[in-house]
Amino acid sequence: MFEMNNRSMKMLIGWIFIYALSVCLACVYIYQSSKTDYFKLIDSEIEAASQSFYNLIEKNHKDNNINFLYLIKKDSSGKFEYRILQDGQNNKKLLESLGLVEPVQSVISTKTAYYTEIEFNSMATRFAIIPMKNGSESLLISYQSVEDVYLTLYSNLKTLILVFFLFSIVLFPVIIKVINSNIKYWKNRIKDSNTDSITGIANQHQLIEDLKTTISPNLAFIKILNYNSIINRYGPAVCDDLNKQIATLINGFEDERLKKSCVYRVQQSTFAILEDQNISFADIADITGKIVKSLVTFDYMVGENEFIKLKVTVGAVRQKKDAFTLANMALSEALEKQLPYFFIGDGEKQLPDTYKKDLQNIQLIHTALKEDRLVPFFQPIFDAKTLKVVKYESLARIVDDNNLPIILPNVFLPLVNREKLNYKITRIILEKSIQFAITNKVIVSINLGVPDINNIKTCEYIYSSIKNSGISHLLQFELLENEAIVDSDTVLQFFRKIKKLGSEIGMDDLGKGHSNIERLINLPVDFVKIDRSIMEHITDNLEIQNITKGIIKLAHKKKLKVTAEYCKNKAITDVAIMLGVDTLQGHYFAKASPNLYAPPLELKQQTV
């Protein structure tokens, strides 16, 4: 009757659990509320009967439900007289056995009625101790069986559960429909995120996902060489239509040797074909050649009665490990050497030199981790007014036995991401940076990437390290890759947690690429750093100066501190100070070092 799968089944079980829990809580609430109402009614009846007790002759006073047990009065000598109103009972022992001695004393002193539930004569019984209105020194102990109340409550509870059960039968199809609708919605969202919006074919994200499940991948990247000249001449709308024609042509290509092929648009001017089967190198080369021939010989319409030809080059790989990276490298080799195609087979000799170098560096990284040669270097950051060090930025370095860097961060950090070593790197640098801050009593800022924050294990380690350090006020964190985090709830939660623990957090690389600067500054951060891409042109570009001034003004309006990076000379530094930055960082002042900063003699003399 209903279409179900594993995801919908899990959601259904979740819904049923939540619904059952809600029903239980509702039943408990209704039961307790009804019980309270019933007892309030019984208590009011007992109180009314007790107050009317003296209006009747005591021995003839009868009530079908209410029984009068004790009448307690103070005699002329001031002593209390306990008069039992039922025959065959022992005065003292009964009162003590019922646990009413202390409540009686309390009612006598406070003149406030007391109600309780006691097991009496093998029945649930409601007792009341009521101070009498006609005399301030007398009270009456009355009781009424409440067995019938519980019978009524149990009966009502059964009816309530039955109603919920019948309602559940009616509601069940609705829940199934909602779940299936929700699954369909998210499937569409996922499909949209994995689909190129122009051509309707799969995009780069989908290609990366598909590569994870391939067994014998053969991947080719096809780049349109004259794409930029076409878009400059005919405009984006014509190029969108051109991309649709290319996608249709590649998708429609047929060859009996292709069994499991998929087409992707991975970049603006680059398409990809993935074939997952163990096919000969010669066949792949032949099929690729035919696809290329069909692409370059086809007449593409770019206007009424106007057609153009394409120029393409191909980079291809037939290797499972790092197929996407190798295909990009193959394409780069073809472009650099101006070849119509460049293939990388499954033999090590065919690997490009850049890839072989990467493999060597990856081995170097693993060795450095094993031998504890990954260390933080600390670059001082200076106050723009006093030129005194206010904090240090912790920068990861791989060093040799003499503590000298042997591989640059811009080389090994991308490889760290590729090898999924972020957690290890972050943990080591965090531990050693905290120790540096504790030893030298200085503020240290530690870099984090989006992969760090998306890793729950890494986040928990960061939180516990801050708590256990005892110096949360000396720790700061800089988040890189800011273009990826503007709308991320995970990142926002991380920011708030860090600030709650007593540390500050900031945005690195502000202005890099085409980030929405205003939205980034509106994040819950304490400081921002203007990226090198802006700072290196700040002395000779008035427009960049105005952009930088606007960034600083906006940041200060949000009460954020601004650091100017890449202060490599006096000219850049002077402009940065003129524009109003708060702190300065760069080789003009000091390079990163494993040790605490010691100012040169001339700078000491200037700042004295």
Protection proxy ranking, peptides 19-25, 501-507, 534-540, average beta carbon neighbours within 10 Å, highest first: 501-507, 534-540, 19-25
Under a point spin-label approximation (7 Å from Cα along Cα-to-Cβ), what is the L408-S122 distance to one decimal in nm? 9.5
Given a Förster radius of 41 Å and the C-beta distance between Y463 and K591 as r, what FRET efficiency does 1/(1 + (r/R0)^6) yield to the nearest 0.05? 0.80
Extension gain from L387 to K497, taking 0.36 nm per residue of separation minus the Cα-Cα distance: 36.4 nm
Residues with amide H under 5 Å of F342's amide H, sequence separation 5 or more or different chain, H placed in the peptide plane at 1.01 Å from N; which? V314, G315, A316
Round to the nearest 0.05 the FRET efficiency obtained for N305 and D255 when R0 = 30 Å and r is the Cβ-Cβ distance. 0.40
Packing-ranked peptide list from 212-224, 356-368, highest mean Cβ count within 10 angstrom first, is 212-224, 356-368
Classify the stretch 202-351: rounded, prolate or oblate, from the alpha-carbon gyration tensor (a ≥ b ≥ c, eigenvalue square roots; a/c under 1.5 rounded; otherwise prolate if a/b is larger than b/c)? prolate
Hey, rough spin-label estimate for D240 and T159, points 7 angstrom out along Cα→Cβ, what's it come to in nanometres? 6.4
Sites R233 and K293, calculated FRET efficiency, Cβ-Cβ separation with R0 25 Å, nearest 0.05: 0.55
Quick check: residue separation of S280 and L554 times 0.36 nm, minus the Cα distance between them. What number comes out in nm? 92.7 nm
Put +1 on the Cβ of each Lys and Arg and -1 on the Cβ of each Asp and Glu in the stretch 291-403; which of A334, L374, I362 then has its Cα farthest toward the positive end of the dipole? L374
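Every read-out reported here was derived from the displayed coordinates using simple, explicitly stated rules and does not represent laboratory data. In this text, all values refer to a predicted model and were calculated from it rather than measured experimentally. Virtual Cβ from ideal backbone geometry, glycine too; neighbours counted across all protein chains shown.
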